[in-house]
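The block underneath contains the structure these notes are about, expressed in structure tokens.
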Amino acid sequence: MAHPSGWGWVSVHSPLEWVSTHSLVKPFSGVVVDQKPQKPTRTRIVDAARDLMHTAGLARTTTKEIARAAGCSEAALYKYFSSKEELFVTVLNERLPRLGDLLGTLAVDPKGRTVEENLVEIARRAALFYEQTFPMAASLYAEPQLKARHEEIMRGLGRGPHMPIEGLAEYLRAEQQHGRIAADADPLAAASLLLGACVHRAFAWEMTPGGKPPQDLDAFARSIARTLMAGLS
């Protein structure tokens, strides 16, 4: 039906609203469509895995739940990842502080900083890493069969919680060869002490009245590095 002035009309709920017949305006369906581009499927899967593993724990998170949260089928998930464990490793590599990369880089090039400065950065990043991974992995210890399966698959992938310790020990051996720490220092023991303190920080203070560690992250990292250097010098 046309208006004498050359204007037409469409119904937009009620009352009627006039729209120009000269513009290519389509009738409003009443549904607002989000025009934001959707993230790639792989990105959505990794993001959903990170969120679910953090809130529900690794043991109780299934690939079916991850696929549902990512808005894809479970079959689509398996086009990108062969197992939940491979997806877990991807979350560690792509969504958490990059501890392994830092250790590998420093073992080759200390970046012109002192050993203590490097240890501060390692302690800082490790504390953040374990703070985020501890809630994910802790649930496995309540499920012995799942834990054993997880460990078997992680061994097959060449991964495991021992790797940061070995990476830090390798870096300290490199510093030892350059004469920047004592020749009789034990790199493996030093690495275990530093990273053990970072793991401990991730959960040990939760039952205190404040529920937080007594030092902020930067103060913690500096004090751990300084104390460790007293035994390495």
Which numbered condition Leu232 fails, given (1) in contact with an Asp or Glu (Cβ under 9 Å, 6 or more places away or on another chain); (2) within 13 Å of Glu131 (Cα to Cα): (2)
Every pair of residues 6+ apart whose Cβ atoms lie under 7 Å, when the first sits in region 197-224 and is over 16 Å from Thr133 (Cβ atoms) and of a type outside the set (Phe, Trp, Tyr) while the second is open to solvent by less than 30 Å² (accessible area, probe 1.4 Å) and not in a loop (DSSP other than H, G, I, E, B): Pro213/Phe220; Gln215/Ser223; Ala221/Ala123; Ala221/Ala127; Ile224/Ala123; Ile224/Leu194; Ile224/Ala197
Selection status of Leu140, open to solvent by less than 40 Å² (accessible area, probe 1.4 Å), at pLDDT below 95, in a helix (DSSP H, G or I) and under 21 Å from Leu96 (Cα atoms): yes
Of the criteria (1) touching a residue at least 24 places away in the same chain (Cβ under 8 Å); (2) open to solvent by 20 Å² or more (accessible area, probe 1.4 Å), which one Leu172 fails: (2)
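Table: residues versus (1) open to solvent by 20 Å² or more (accessible area, probe 1.4 Å); (2) free of Cβ contacts under 8 Å to residues at least 40 places away in the same chain; (3) part of a loop (DSSP other than H, G, I, E, B).
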{"position": "Tyr78", "(1), (2), (3)": "yes, yes, no"}
{"position": "Pro97", "(1), (2), (3)": "yes, yes, yes"}
{"position": "Thr105", "(1), (2), (3)": "yes, yes, no"}
{"position": "Glu116", "(1), (2), (3)": "yes, no, no"}
{"position": "Arg125", "(1), (2), (3)": "yes, yes, no"}
{"position": "Thr133", "(1), (2), (3)": "no, no, no"}
{"position": "Lys147", "(1), (2), (3)": "yes, no, no"}
{"position": "Glu152", "(1), (2), (3)": "yes, yes, no"}
{"position": "Gly167", "(1), (2), (3)": "no, no, no"}
Unique match (being farther than 27 Å from Leu92 by Cα, in contact with a helix residue (DSSP H, G or I) (Cβ under 6 Å, 6 or more places away or on another chain) and hydrophobic (A, V, I, L, M, F, W, C)) among Ile181, Ile153: Ile181
Answer residue from region 59-76, given it is loosely packed, with under 14 Cβ neighbours inside 10 Å and of a type in the set (S, T, N, Q) and is nearest to Arg124 (Cα to Cα) among those: Thr62
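The values are calculated or read from the model by the stated rules, or taken from the named source; none is laboratory data. Everything numeric in this text was worked out from a predicted model, so none of it was measured. Cβ atoms come from the backbone with ideal geometry, glycine included; neighbour counts cover every protein chain shown. Remember, those area values only see protein heavy atoms, side chains included, never the ligands or the DNA or RNA. Shrake-Rupley method; radii C 1.70, N 1.55, O 1.52, S 1.80 Å.
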